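First comes the structure, then the notes that go with it.
Please treat every number below as a calculation from the coordinates, not as lab data. Bear in mind that the values here come from a model prediction, so they are computed numbers and not experimental data. Please note: Cβ atoms are built from the backbone with ideal geometry, for glycine as well, and neighbour counts cover all protein chains shown.
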Amino acid sequence: MKITIENLTKQFDNHLAVNNFSAQIESGQLVSLLGPSGCGKSTMLNMLSGILTPSQGKIWFDEDDVTDVAAEKRGVGLVFQNYALYPHMTVLENICFPLEIQRVPKAERIARAKEMAQLVHVEDLLDRLPKQMSGGQQQRVAIARALVKKPRLLLLDEPLSNLDARLRIEMREEIRRIQQSIGITTIFVTHDQEEAMSISDAIILMKQGVLQQMDKPQELYDQPKNCFVADFLGNPTINKLNAVYEGGRLLVEGMPCDIETSSVPASAPLYLSCRVESVLINQKPSSIKGTIIDTYVIGKENIANIQVGNSRVRAYIDSDSALRPTEEVTLSFKNKGVFLFDANSGERYI
Ligand SMILES: Nc1ncnc2c1ncn2[C@@H]1O[C@H](COP(=O)(O)OP(=O)(O)O)[C@@H](O)[C@H]1O
Ligand SMILES: [Mg+2]
């Protein structure tokens with residue numbers, strides 16, 4: 001099922017939690033709703049599920065305007081951060097419960113619940129109580145319970161936040177597998193950019209209730225529309241250097257830089273933002289100088305922290321690099337992964 005969101009706004013008293021939000025989500029896609037805490041992700045999801053009524057705007061499921069349709073009539077499955085399983089019910093009873101409410105006959109209930117248990121790989125735990133399972137297993141049961149009614153749309157609100165780091169990675173792959181095996185349109189809320197990047201067909205990045213960019217994960221990383229998007233995606237975080245266009249050339253931390261620029265306003269404060277993997281050390285002649293602060297190892301890579309004017313830059317270095325603290329280096333940049341932003345508006349120039 002295709003979802004169309006049209007100029008959706010939600011106002012709480014005088015706070016705009018979601019502001020004039022429009023997007024289209026294609027049938028069968030997994031789209032992440034990404035952004036910092038408090039940016040309006042849950043509010044957005046709750047309007048899609050029907051728990052919250054929008055202040056303005058419309059929501060369409062395929063060709064149906066569902067803006068005023070009651071939550072239980074929308075055919076939506078919900079999964080939250082706290083699994084919210086019924087503690088006194090077994091796994092099988094928990095998964096069956098939504099069908100019991102719908103008065104589905106018992107034999108069919110059990111058959112459908114077992115099918116869902118198999119899909120999420122908890123078929124061997126049917127007699128357990130929630131407290132007898134790990135967080136990951138409980139979240140699998142919660143997903144089975146959300147899917148047993150055969151919803152048209154699956155909404156997941158930070159479903160992995162309660163799990164430890166290793167289990168989070170395992171479960172995000174599981175969510176992708178389950179979603180693809182039944183082909184259900186899914187919206188996955190997270191504040192974790194790596195989680196969103198790893199499982200989504202597309203990501204919607206939000207800031208203070210406003211959609212910043214909707215794109216495929218790689219596109220969002222490679223072609224950020226503004227400084228916020230560039231800053232939010234990527235680990236380690238993108239490097240940011242102070243820059244200004246003056247006298248017909250770009251100065252970066254006060255040093256001339258040979259990056260091609262056009263249509264950049266003179267004297268306005270800018271950021272030259274460059275991905276960690278786009279910084280080159282001592283590889284090309286350049287007027288941009290820095291001083292090594294320290295170097296360290298992260299997994300299979302080594303990173304150098306470099307003081308450049310008033311900013312710090314991180315760059316990948318060879319594991320056998322001879323670079324040492326206090327050493328002076330020359331910095332240049334690859335073409336890819338280097339952007340110029342207006343420091344005030346965040347607007348992108350290159
Ligand atoms: N029922 C409510 N009443 C008033 N303000 C709310 C309510 N629900 C959420 N908000 C506010 O709306 C903003 C967005 O909240 P939320 O959608 O929960 O953000 P997120 O899920 O991205 O962390 C926050 O500033 C929050 O405090
Ligand atoms: Mg939330």
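Assorted remarks:
- Net charge in the neighbourhood of Gln307 (other residues with Cβ under 15 Å of its Cβ; Lys, Arg +1, Asp, Glu -1) is +1.
- Cβ crowding within 10 Å averaged over residues, with 144-157, 61-74 ranked highest first: 144-157, 61-74
- Across region 236-342, Cα-Cα distances exceeding 25 Å account for 18% of all pairs.
- Sequentially through region 84-96, phi angles give Karplus couplings (6.51, -1.76, 1.60; θ = phi - 60°) of 6, 7, 6, x, 8, 9, 6, 4, 4, 5, 4, 5, 5 Hz, Gly and Pro residues having no value and appearing as x.
- Proxy reagent accessibility, fewest Cβ within 10 Å first, across Thr330, Thr90, Thr185: Thr330, Thr90, Thr185
- About its Cα centre, the dipole of region 236-342 is roughly 140 debye, where the only charges are +1 on Lys and Arg Cβ and -1 on Asp and Glu Cβ.
- Crossing angle, helix 135-147 versus the chain [Cα axis fit, 0-90 degrees, rounded to tens]: 60 degrees
- The chain: relative contact order as a whole-number percent, Cα under 8 Å and 6+ apart: 16 percent
- Most tightly packed first, judged by the mean number of other beta-carbon atoms within 10 Å of their residues, the peptides 275-281, 245-251 read 275-281, 245-251.
- Cβ-placed point charges (K, R +1; D, E -1), dipole of the chain about Cα centre in debye, nearest 20: 600 debye
- Residues of region 202-232 with an amide N closer than 12 Å to a point placed 7 Å from the Cα of Glu301 along the Cα-to-Cβ direction: none.
- With contributions of -39500 (n - 2.57) from each DSSP H run of at least four residues, the per-residue ellipticity at 222 nm computed over the chain stands at -7000 deg cm²/dmol.
- Shape of region 68-167, Cα gyration tensor, a/c cut at 1.5: oblate
- With 0.36 nm allotted per residue and the present C-alpha distance subtracted, the Ala84-Asp192 stretch has 36.7 nm of extension available.
- The phi torsions of region 321-327, fed into the Karplus equation with coefficients 6.51, -1.76 and 1.60 and a -60° offset, translate into couplings of 4, 8, 5, 10, x, 6, 5 Hz, rounded to whole numbers, with Gly and Pro shown as x.
- Share antiparallel - DSSP beta bridges, the chain, percent rounded to 5: 75 percent
- Proximal charge balance of Ile59 [Cβ under 12 Å; K/R count +1, D/E count -1]: -1
- Region 211-225 - phi-based ³J(HN,Hα) in whole Hz, Karplus 6.51/-1.76/1.60, Gly and Pro as x: 5, 8, 6, 10, 6, 5, x, 5, 5, 4, 6, 7, 10, x, 6
- For Asp164, Asp201, the sequence from fewest to most other C-beta atoms within 10 Å is Asp164, Asp201.
- Across the chain the C-alpha pair distances fall into 10 Å bins from zero in the proportions 5, 21, 25, 21, 15, 9, 3, 0 percent.
- Residues with amide H under 5 Å from that of Arg312, placed H, sequence gap 5 or more: none
- Value of relative contact order over region 236-342, rounded to a whole percent, pairs C-alpha under 8 Å and six or more apart: 32 percent
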